[in-house]
Amino acid sequence: MTKPFSQACENNKNHILTALQPALQNAASVLEIGSGTGQHSVFFAKKLPHLQWYTSDREVNHQGIKLWHDEVQLANLHPPLLLDLNYSWPVNKVDAVYTANTFHIVSWELITRFFAGVNQHLNQQGVVCVYGPFKYKGEFTSPSNDEFNSLLQSRDPLSGIRDFEAVEQLAVQYGLKLLSDTAMPANNQLLIFKRQ
């Protein structure tokens, strides 16, 4: 198997790191949900050595993640856990949860299950970092995001770019407070929530 590669991951990793660093400075453990290719985990674990970085995804992506991990052999980078948002999470408590480019892929029901899982597994004062595109007051932040949303929904009517306000409201229901909403390159955002 050839190592999977995402150009978007490569383009955005430094910008995400800059925004993540202050949010994760007091954390010791991070669960990444939907690790995808594994590129982000390798980069962030290397740049943030104080963190134990736990990757997770559905089984179909595990082999690719392991190929990235095998190249670096980092002591603070952990093999992918089998995590499907339809089921309970295979972890105890973590200081932070990070997910990138997942909310527009999965259904709203699974986003609700994401926050329910966070509520169960996030330590007190823990943080949740969500990266990806969002709408604001029902409006897309760019014409390209509008086009992307149409493409997503043509493939899966349950997917699509989410309303920021609906995501924040859901987070609040599960005991989280928005700390920051940072505009990122390529019409993405990084939302950081903290457990109250």
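Scanning region 44-60 for residues that are open to solvent by 20 Å² or more (accessible area, probe 1.4 Å), under 23 Å from LYS93 (Cα atoms) and part of a helix (DSSP H, G or I) turns up LYS46, LYS47, GLU59. The single condition among (1) over 14 Å from the mean Cα position of the chain (by Cα); (2) touching a residue at least 24 places away in the same chain (Cβ under 8 Å); (3) over 17 Å from LYS47 (Cα atoms) that GLU59 does not meet is (2). Per the listing SER159, SER150, SER144, the residue uniquely within 20 Å of the chain's Cα centre (by Cα), of a type in the set (Gly, Ala, Ser) and closer than 17 Å to ASN101 by Cα is SER159. Which residue is nearest to the chain's Cα centre (by Cα), if the candidates are limited to region 62-83 and must be among the aliphatic types (A, V, I, L, M) and in a helix (DSSP H, G or I)? Only one residue fits best here, namely ILE65. Look at (1) out of contact with any strand residue (DSSP E or B) (no Cβ under 7 Å at 6 or more places or on another chain); (2) surrounded by 19 or more Cβ atoms within 10 Å (Cβ to Cβ); (3) not basic (Lys, Arg) and you find that ALA96 fails only one, number (1). Being assigned to a loop (DSSP other than H, G, I, E, B), over 22 Å from SER29 (Cβ atoms) and out of contact with any strand residue (DSSP E or B) (no Cβ under 8 Å at 6 or more places or on another chain) is a description that applies to ASN86. Looking across region 126-182, just one residue is open to solvent by 70 Å² or more (accessible area, probe 1.4 Å), in a strand (DSSP E or B) and of a type in the set (A, V, I, L, M), and that is LEU179. Among all positions in region 84-95, there is no residue which is of a type in the set (S, T, N, Q), modelled with pLDDT of 95 or more and closer than 19 Å to LYS3 by Cα.
Just one residue in the set PRO90, PRO4, PRO22 is over 17 Å from GLY132 (Cβ atoms) and surrounded by 14 or more Cβ atoms within 10 Å (Cβ to Cβ); that residue is PRO4. Whether a residue is touching a helix residue (DSSP H, G or I) at 6+ places or on another chain (Cβ under 9 Å), of a type outside the set (Gly, Ala, Ser) and in a strand (DSSP E or B) was assessed, and ASP95 passes this test. Looking at region 100-125 only, could you name the residues that are part of a strand (DSSP E or B) and crowded, with 19+ Cβ neighbours inside 10 Å? ALA100, LEU122, listed by residue number. Within region 56-70, does at least one residue satisfy the condition of being over 24 Å from LEU190 (Cα atoms) and modelled with pLDDT under 95? No, there is no match, as no residue in region 56-70 is over 24 Å from LEU190 (Cα atoms) and modelled with pLDDT under 95.
The number of residues in region 61-87 that are open to solvent by less than 40 Å² (accessible area, probe 1.4 Å), touching a helix residue (DSSP H, G or I) at 6+ places or on another chain (Cβ under 6 Å) and under 20 Å from PRO49 (Cα atoms) comes to 4. When ASN26 is tested against (1) at negative phi; (2) touching a helix residue (DSSP H, G or I) at 6+ places or on another chain (Cβ under 8 Å); (3) touching a residue at least 60 places away in the same chain (Cβ under 8 Å); (4) assigned to a loop (DSSP other than H, G, I, E, B), only condition (2) is not met.
The values are calculated or read from the model by the stated rules, or taken from the named source; none is laboratory data. Every value quoted in this text rests on a predicted model; they were computed, and no experiment measured them. Note: ideal-geometry Cβ built from the backbone for every residue, glycine included; neighbour counts use all protein chains shown. Please note that ligands, DNA and RNA were not included when accessible areas were found on the heavy atoms of the full protein model with its side chains. Shrake-Rupley method; radii C 1.70, N 1.55, O 1.52, S 1.80 Å.
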